[in-house]
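Before any comments, here is the structure.
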Amino acid sequence: MSLLSRFRTLSRARSAPEVQLPEVAASVAIILDGNGRWAKGRRLPVAAGHRAGARNVRRIVEAAIDLGVHDLSVFAFSTENWSRPQDEVDALMEIFAETIERELPDLTEQGVRVRFIGRRDRAPEELRRRMAAMEDRTGLNTRLNLWVAFDYGGRAELVEATRRIVESGVDPAEIDENVFAANLYAPELPDPDLLIRTSGELRISNFLLWQLAYSELVFVDTLWPDFDERDLRNALADYASRRRRFGGR
């Protein structure tokens, strides 16, 4: 199959959004914010906040399954996070590796398929190995897709997609939204119906810039380690009360 034919096949596979709002957002994205403030409020090291936040991912994955979510995307580590103090970055890399090792057996048993989106070349070799193993072990699961954005930046993703299109030699006249989407980090990632950001901050911080074009946004004051099933249920209820128009009336 030619490259252009593949793009057209993916184009046909990307169905138009439904105007009628479903009861549950099938695809949910969360910006996991507030770990540092959670730790500071308890006079704990920042790493303790990140560890608490990492443990909470598992709880929210389980809640998402119970509530009928099919795709859950979490913003775990951004391209800008490398600028944090080196000891915090080192602790985060260690926590990511520990979390994969701890959660892999149960996530596999629960039917969760894990995919990492973003760069990997700057991560420690052992962490890259564990990420690949987790994707391999969970690759056939279908109960919930967990998309973990690691070393991810929305602008970097758009630049990389543009580079791939140019390198592929596609005729400029053939480039449309579907061709562009087919060159993102994870073309099969559904556009989120709902974005949730914790900790009270009111911005999307370079997360899924292309995919969030028509997502509903919910901002909550709860710090990420304290965000629980009730908070998720409330955000989904807020979403369900809205009517999405996708630019129409």
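Other residues lying with their Cβ under 12 Å from the Cβ of residue 61 contribute a combined charge of -1, Lys and Arg counting +1, Asp and Glu -1.
The Cα atoms of segment 76-115 define a convex hull whose projected area, averaged across directions, is 3.1 nm². Once you reduce segment 96-118 and segment 199-249 to the center of their Cα atoms, the two points are 24 Å from each other. Fully extending the segment from residue 121 to residue 201, taken as 0.36 nm per residue of separation minus the present Cα-Cα distance, adds 25.8 nm.
Packing here is the average count of other Cβ atoms within 10 Å per residue, and on that basis the peptides 28-34, 177-183, 50-56, highest first, run 28-34, 50-56, 177-183. Volume per residue of the convex hull around the Cα atoms, evaluated for segment 39-152, comes out as 101 Å³. With kT/(6 pi eta Rh) evaluated at 10 °C and eta = 1.306 mPa s, and Rh the Kirkwood radius from Cα pairs, segment 88-176 diffuses with a coefficient of 107 µm²/s according to Stokes-Einstein. For the chain, the Kirkwood estimate of the hydrodynamic radius, built from every pair of different alpha carbons, is 19.0 Å. Counted by Cβ distance under 13 Å from residue 202, the other residues give a net charge of -1, where Lys and Arg count +1 and Asp and Glu count -1.
Any read-out appearing in this document is the output of simple, stated calculations on the displayed coordinates, not a laboratory observation. Because the structure is a prediction, the values reported are computed rather than measured. Cβ coordinates were reconstructed from backbone atoms using ideal geometry, including for glycine residues, and neighbour counts include every protein chain displayed.
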